[in-house]
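I have placed the structure first, in the form of structure tokens, so that the comments after it can refer back to it.
The values are calculated or read from the model by the stated rules, or taken from the named source; none is laboratory data. Computed from a predicted structure; not experimentally measured. Backbone-built Cβ (ideal geometry, glycine too); neighbour counts: all protein chains shown. Keep in mind that these areas ignore ligands, DNA and RNA; they rest on the heavy atoms of the full protein, side chains included. Shrake-Rupley method; radii C 1.70, N 1.55, O 1.52, S 1.80 Å.
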Amino acid sequence: MSIHVDGIVAIVIFYLLILCVGIWASWKSKNSGTDQDRSETIMIGGRDIGLLVGGFTMTGGLFFAKPMRSRGYVTMLDPFQQIYGKRMGGLLFIPALMGEMFWSAAVLSALGATLSVIVDININLSVVISALIAILYTLVGGLYSVAYTDVVQLFCIFIGLWISIPFAMLNPAVTDISITASQEIYQEPWLGSVNTLDIFTWIDNFLLLMLGGIPWQVYFQRVLSASSATYAQVLSFLAAFGCVVMAIPSVLIGAIGASTDWNQTSYGLPDPKNKNETDMILPIVLQHLCPSYISFFGLGAVSAAVMSSADSSILSASSMFAHNIYHLAFRQEATDKEIVWVMRITIFLFGGAATSMALLAESIYGLWYLSSDLVYVIIFPQLISVLFIKGTNTYGSIAGYVIGLLLRISGGEPYLHLQPFICYPGCYLEHSFGGKPVYIQRFPFKTMSMLFSFLGNLGVSYLAKHLFESGILPPKLDFLDSVVSRHSKENMDKTTLVNHDNITLSELAHVNPKHSASHNAAFSNKEAFDDSETNTEFSKSDND
């Protein structure tokens, strides 16, 4: 297998460009604020990400962007720790961290496979080099580096993929995709159809993609970096439109792959579908249907997409750990400089962990499915409860967490060869996952798990509230300090906030005033409490 020198040169040039932009953004971030707010500058870019950069880097927003930004949070876990306490914040950090790590590993693994197809270099080497570059500029520049490199990377994605489309479509081996959309030429029509028996599976996955894509720190990090709540909403809508535009080339390339007589190409037979390589159709089309110089442009686009995702997820994971776990849970007196160093160390550690998983994982999509499931089933219902439902407490949050986790695991996971404990209606035995057969669920058990998690949170929360406030259970049994113990001043140093609105962090935790300026601002942002729409919705007391 010969190495494509031209491809190596193209990749080197692209990586150097990204690295230079990242270093420049790092220099910009160091000159954007005082030493006292350096950690927040790294996490959320000093809350001054502009319209152009913000729109490119956030590629929903109607219901979640405004309350999160208007309250001045620093990470997605802040509202959980305010309402449910630092212990529950730590538990919710686990699926959030796993989601970010699995996603980073999945995209890095995809990049390695792509580079190996087009440039013929070792998969492991390509993954390690790509990860190191992403870690390096994230390490030195934080969100500024991630955001500004996102702009360059998204331009590369757009240009690189759209340039390759005409060359692939005009290849003699490709039939008009409008014909193959409805007629079987080389394989079944690429538009496909949904089996009636699988309709609930499609609905389940659709809801997972739509709702499970909301509670990610990688998204809220951009929301919280906006200069205002309204600005955050506008950026979210612009980014959603950008996502649709960016998805069009991928759809076309998939259609081209299904419309190709692969026997007329250097790929030969059997075709990618019969060789079970449909997940690699993008690099295969670039390699075998486009001129080499065009395929290298496309390769740059793929590399850009991967690095854009990986660096964001690594920064998100380190931000949550440094701010919510290290600072709020263990060292509330930590200096800003100390927090910055914790972030740098964890960026390196989490980046290394994601790289290791990318090298060892057998399935790209298995990692992606698992990460989405964890976020959808566990974190999404908790986010709904903490932002929009008054009266939920730590007891309900723990119950919802456990219920969602157990129900999700009970359905099994074919990509991990995990057999289900419960065979829901419609489940069947599948032999196409390698190894021994596994059961596949047709019942929408993921959405069911999410709903039961949500209802469990509400039910247990209101039950605990009733039992304690009615006197059926004595206050001393409120060992989590989440219902009646809140009335005791000696317990107000806990990071809990239940039925007591507009309490700033300084009231909840003993911190060194010298180092807590940025932290207090995060939880007592004036905009949060002056915003009429937000105030009306979130400032009602349960005692009314």
**Asked** Over the range 369-437, what number does the Rg to Rh ratio reach, with both radii from the alpha-carbon atoms and Rh per Kirkwood?
**Response** 1.10
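Give, in nm to one decimal, the length gained when the segment between Lys476 and Ile179 is fully stretched (0.36 nm per residue of separation minus the Cα-Cα distance).
Numbers: separation 297, 0.36 × 297 = 106.92 nm, distance 7.25 nm.
Extra length from Lys476 to Ile179 when fully extended: 99.7 nm.
Per the Kirkwood definition applied to all pairs of different Cα atoms, how many angstroms is the hydrodynamic radius of the range 201-321? Each step should come with its number before you reach the end.
Numbers: mean 1/r = 0.0578 Å⁻¹.
It is 17.3 Å.
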**Complete:** Summed over the other residues with a beta carbon less than 12 angstrom from that of Ser309, with K and R at +1 and D and E at -1, the charge totals -3
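For the range 89-231, what is the relative contact order in percent, using Cα pairs closer than 8 Å and at least 6 residues apart in sequence?
Values: 39 pairs, mean separation 21.7, N = 143.
That works out to 15 percent.
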**Prompt:** Using a probe of 1.4 angstrom, how much of the accessible area of the range 215-342 is carbon and sulfur, in percent?
**Reply:** 64
**Request:** Please list the radius of gyration and Dmax for the range 227-294, considering alpha-carbon atoms only, with Å as the unit.
**Result:** 17.7, 56
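So, for the range 270-382, what is the accessible surface per residue at a probe of 1.4 Å, expressed in square angstrom?
Numbers: 3970 Å² over 113 residues.
Result: 35 Å² per residue.
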**Request:** Run the 1.4 Å probe and let me know the accessible area of Asp198, rounded to the nearest 10 Å².
**Result:** 40
**Request:** Using label points projected 7 Å from each Cα along Cα→Cβ, tell me how many nm separate Glu430 and Phe155, to one decimal.
**Result:** 4.1
**Asked** Could you list log10 I(q)/I(0) for the range 155-218 at q = 0.15, 0.19, 0.26 Å⁻¹, which the Debye formula gives when each Cα is one point scatterer?
**Response** -0.84, -0.93, -0.99
**Prompt:** How much length, in nm to one decimal, is gained on full extension between Ile163 and Leu359, taken as 0.36 nm per residue of separation minus their Cα-Cα distance?
**Reply:** 67.5 nm
